[in-house]
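What follows is a short report on a single structure.
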2 protein chains.
Amino acid sequence: MLTAIPADFYAFRVPQVPAQAELDEFLARAMVDVIVREEFAALLRSGERRLRIKQGFDPTRPNLHIGHAVGLRKLRQLARWGHEIVLIVGDWTTQIGDPTDKDETRPTMSHEQVLKNAQTYVEQFHMVVPRENSRIVFQSEWFAKFGLRDVIDLAGKFTAQQMLQREEFRKRMEKKTPIPIKDLLYPLLQAYDSVAIEADVEMGGTDQLFNILAGRELQAQLGQPPQQVFTVPLLEGLDGEKMSKSKPKTGIWLTDEPNEIYGKVMSIDDALMPHYYEWATELPWGEVKKINAALAQKQIPAKEAKERLAWQITSELHSPAAADAAKEAFARQFQKGEAPEDMPERVLGADGEREISYVDLLVRADIAKSKTQARQLLSQNGVMVDGNRVSIDGTLVPSGEHVVRVGKRNYTRIRFR
Amino acid sequence: MLTAIPADFYAFRVPQVPAQAELDEFLARAMVDVIVREEFAALLRSGERRLRIKQGFDPTRPNLHIGHAVGLRKLRQLARWGHEIVLIVGDWTTQIGDPTDKDETRPTMSHEQVLKNAQTYVEQFHMVVPRENSRIVFQSEWFAKFGLRDVIDLAGKFTAQQMLQREEFRKRMEKKTPIPIKDLLYPLLQAYDSVAIEADVEMGGTDQLFNILAGRELQAQLGQPPQQVFTVPLLEGLDGEKMSKSKPKTGIWLTDEPNEIYGKVMSIDDALMPHYYEWATELPWGEVKKINAALAQKQIPAKEAKERLAWQITSELHSPAAADAAKEAFARQFQKGEAPEDMPERVLGADGEREISYVDLLVRADIAKSKTQARQLLSQNGVMVDGNRVSIDGTLVPSGEHVVRVGKRNYTRIRFR
């Protein structure tokens, strides 16, 4: 799985100078922080040397969703301009577990599992970022030989106070949830990665800003030019919250089938469309701005805008033909012939639940009179949801609109508030 | 300098069972914490197996003072009963610097300096603890091969909250003084020492209780029987505060000459005598109790009690003959013939100063009219303090009583409040 380094990889290659409009879009679309914006822009504009772009990942859950693709498209752009993408497999940080956005620490994993996950991750990574101009390194390259002396030196560069400023640590302090000391080492190791590969630039989700800035600071302390830093926004999933590896049912995955992708996009909350258009598609920026302005003014129907969005995302991840087919399959199930135009509709609240069992769904939508009856219907394979036959153990993420069919003709439309 | 381990060192040797009175004194005299008292007493009483007693030290400033001897006498007692003393040279913890009782971190030292200091320390250690039944190990034995994986495992056993409970860290947090993360690693390494040597017992000054308990806890977490713990009090120095390696002028050093020891003990504050009698002498405990009771009731003059104390301490560190000679020399200077009985006396405040220059002393005691005159007297070698000719650069620790002579006959007695 390791990309061999081509012989001329480090040879001097002049990167391409981006057109101004291209650069402007790069620095503004789907961008949160850029540190230091003017320096970074000047480096990209100058085209004097290839920049080394660091992208680290912890191979815990290896699947990528379209939220990850937001950042990967940035890397693709940099690779296309001729810069070098270094993908760091966090085989050591994974042994600690990233404390980011967690109030508990993660379990550690076996080395074998780490390698297997890394392989999956890298395959999916290259669905967006071309193999050319990318290379993959393992933290083991430097951390396998790290001794106590190195740890002490590194741990002398940062203070407990700095670390405890992090929001997730502050929360744990307040809640009196234990913070193992190893969790304080996590940002240090990640920071050291920047030093080890002499990164010029590091990218991450906006929740990684603290860790990435630690890398910048460590480089400065050790006499390296501090890396440029940029962060991308975190795309919301089907439940309206940040899409996350730890909530597989609410994400749209790069490996999802066309029909799944299309159907999932159709089920997002209307209010999320502007984010999806800007961050999760490759539609020209001018067009995105127009669509989003029209949505804000309610000049296009939400349904039409969502169909276009679903088609676009499916098309980019698969092909226009696959997107056409998915659109048709979706329409067949929901809009034409098979289901009547006119059916009873139930509006349900979700009360923050992440998943609702089909048993509960049938009861709450007044389709079944009791849980017993709901179980009976489900166990008889008599329930279809959005055209799929569902089982008694299944669950649904409560968002968007769904059509439930019981038996041959009994349709109900369910809409979540 | 390493004590070779005798071939039969680990052979089964039954330790001596202490007499009850001896054990009672051991557990009560100059003892602060004993954890767990009943368990520890039972182990000592049983005489079933040799206990391994851990004593760690950081070879920063290598000289030992009589405050250290308080603990060393405990070790001597244990060695005499046949238990094994393991002296751990903290060649790795020294690279971090013990954050105990400091509000700033210590500078790191070269390996060469560490070894040199360790040698000095060990020589002085054996002025009190016999070489038999003692052995010396370096932390390098286990920490030189410690890898990042080991550090992560260790750092997963303790929480940031536990560490920050330590008084010195709490103080630094309040004062917003930086706490480098390496300082949080210090107690972890010291704790690991207990695991590495499989300690049964650890001793330290009372300010080390936190670190020592961390060792006990780590052993329990890793499935070893947790070590017994005891701490000894911290003897006050000439300035009335804890005797400390970092304030050499206020300590009584094991390598001090008899006259120095005698004179220094004579200069301690009267109120410290009970501590000195109980903690810093080997007088039988019954006798110490009687003397201290008499002092409390003012049944013996303070001066007489202090002369006995000074003689006793000098005698133990050197010999009765050396103590006799020191006593005589001291008396000659202060009490008889050479200096008149009747001389002007000045009582000076010290306002918390640790040292007063002789220049200032002469001015404040009205011996010189100005600093210029004071410097003149000193540069002419015309000033004696307590029988010693003093120089213009010299300083005095402001405590007790001193006799200043200028020229041949001009005597002044100075007493510090």
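The values are calculated or read from the model by the stated rules, or taken from the named source; none is laboratory data. Treat the numbers as computed from the prediction; the structure is a model and nothing was measured. Cβ sites come from the backbone with ideal geometry, for glycine too, and all protein chains shown count toward neighbours. The area values use the complete protein model at the heavy-atom level, side chains included, leaving out ligands, DNA and RNA. Shrake-Rupley method; radii C 1.70, N 1.55, O 1.52, S 1.80 Å.
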Considering only the protein assembly as shown, what is the antiparallel percent among its DSSP beta bridges, to the nearest 5?
45
Under 17 Å from the Cα of A:Lys176, which aspartates and glutamates turn up, not counting those fewer than eight places away in the same chain?
A:Asp101, A:Asp103, A:Glu104, A:Glu167, A:Glu168
Taking 24 Å as the cut-off for C-alpha to C-alpha distance, list the pairs among A:Lys145/B:Lys116; B:Lys54/B:Lys145; A:Lys175/A:Lys242; A:Lys145/A:Lys247 that go past it.
A:Lys145/B:Lys116; A:Lys145/A:Lys247
Name the aspartates and glutamates eligible as straight-distance cross-link partners of B:Lys408: C-alpha to C-alpha under 18 Å, and not fewer than 8 places from it in the same chain.
B:Glu338, B:Glu341, B:Asp342, B:Glu345, B:Asp366, B:Asp386
Per-residue HN-Hα couplings for the range B:268-284 [Karplus 6.51, -1.76, 1.60; θ = phi - 60°; Hz; x = Gly/Pro]
6, 5, 3, 5, 7, 4, x, 4, 4, 4, 6, 8, 10, 10, 10, 4, x
By how many nm would the segment from A:Arg417 to A:Arg346 lengthen if fully extended, with 0.36 nm per residue of separation less the alpha-carbon distance?
24.5 nm
Classify the range B:118-176 as rounded, prolate or oblate, taking a ≥ b ≥ c as the square roots of the eigenvalues of its Cα gyration tensor: rounded when a/c is under 1.5, otherwise prolate if a/b is larger than b/c and oblate if not.
oblate
Using the 7 Å Cα-to-Cβ label point, sort the distances from B:Leu23 to its equivalents in the other copies shortest first and give them in nm to one decimal.
8.4
FRET efficiency, 1/(1 + (r/R0)^6) with R0 22 Å, evaluated for A:Gln221 and A:Arg170 via beta carbons:
0.35
Can you bin the range B:296-336 into rounded, prolate or oblate? Criterion: square roots of the alpha carbon gyration tensor eigenvalues sorted a ≥ b ≥ c, rounded for a/c under 1.5, prolate for a/b above b/c, oblate for the rest.
oblate
Can you tell me which of B:Val201, B:Val347, B:Val128 moves the most in a GNM of chain B? Springs connect C-alpha atoms under 10 Å apart.
B:Val347
In degrees rounded to 10, the 0-90 angle between helix A:285-296 Cα long axis and the longest Cα principal axis of chain A is 40
Percent RCO, i.e. relative contact order, over chain A, from Cα pairs under 8 Å lying at least 6 residues apart:
14
Rounded to the nearest 0.05, what FRET efficiency is calculated for B:Glu198 and A:Glu112 with R0 set to 35 Å and r the Cβ-Cβ distance?
0.60
Chain B, Gaussian network, Cα under 10 Å: of B:Gly251, B:Gly67, B:Gly286, the residue fluctuating most is B:Gly286
Give the angle, between 0 and 90 degrees and rounded to the nearest 10, that separates the Cα long axis of helix A:111-125 from the longest principal axis of the Cα atoms of chain A.
70
Residue among B:Phe210, B:Phe146, B:Phe169 with the largest mean-square fluctuation in a Gaussian network model of chain B, springs linking Cα atoms under 10 Å:
B:Phe146
Please report, for B:Arg80, the nm distances (one decimal) from its label point, 7 Å out from Cα along the beta-carbon direction, to the equivalent points in the remaining copies, shortest first.
8.6
With charges set only on the Cβ (+1 for Lys and Arg, -1 for Asp and Glu), what does the dipole of the protein assembly as shown come to about its Cα centre, in debye to the nearest 20?
560
Rg [Å, one decimal], Dmax [Å, integer] - the range A:267-337, C-alpha atoms
12.4, 37
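Please work out the Kirkwood hydrodynamic radius for chain B, using every pair of different C-alpha atoms, and report it in angstroms with one decimal place.
By the Kirkwood definition, the hydrodynamic radius is 23.7 Å.
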Looking along the axis that carries chain A onto chain B, the residue of A whose Cβ comes nearest, with distance in whole Å, is A:Val151, 2
Histogram of C-alpha separations across the protein assembly as shown, 20 Å bin width, %:
12, 31, 26, 18, 10, 2, 0
If you put +1 on each Lys and Arg Cβ and -1 on each Asp and Glu Cβ, how big is the dipole of the range B:242-339 around its Cα centre, in Debye rounded to 20?
340
Size of charge dipole - chain B - debye, nearest 20, with Cβ of Lys, Arg +1 and Asp, Glu -1, no other charges:
760
Area accessible to solvent at A:Thr372, 1.4 Å probe radius, in Å²
100
Once you sort the root eigenvalues of the Cα gyration tensor of the range B:363-417 as a ≥ b ≥ c, which label holds: rounded (a/c under 1.5), prolate (a/b larger than b/c) or oblate (the other case)?
rounded
Going by alpha carbons, how many degrees (0 to 90, nearest 10) lie between the helix axis of B:66-80 and the longest principal axis of chain B?
40
Amide H to amide H under 5 Å from B:Gln228: which residues, 5+ apart in sequence or cross-chain, H placed 1.01 Å off N in plane?
B:Val201, B:Glu202
At A:Ala321, label 7 Å along Cα→Cβ: distances to the other copies, nm, ascending?
11.1
For A:Tyr192, the net charge from surrounding residues (Cβ-Cβ under 13 Å; K, R +1; D, E -1) works out to -3
Where a Cα-Cα gap under 16 Å defines reach, which aspartates and glutamates qualify for A:Lys74, not counting those fewer than 8 residues away within the same chain?
A:Glu22, A:Asp24, A:Glu25, A:Asp33, A:Glu84, A:Glu132, A:Asp200, A:Glu202, A:Glu278, A:Glu282, A:Glu316
Can you give me the distance in nm between label points at A:Ala321 and A:Ala19, each placed 7 Å from the Cα along the Cα-to-Cβ direction?
3.0
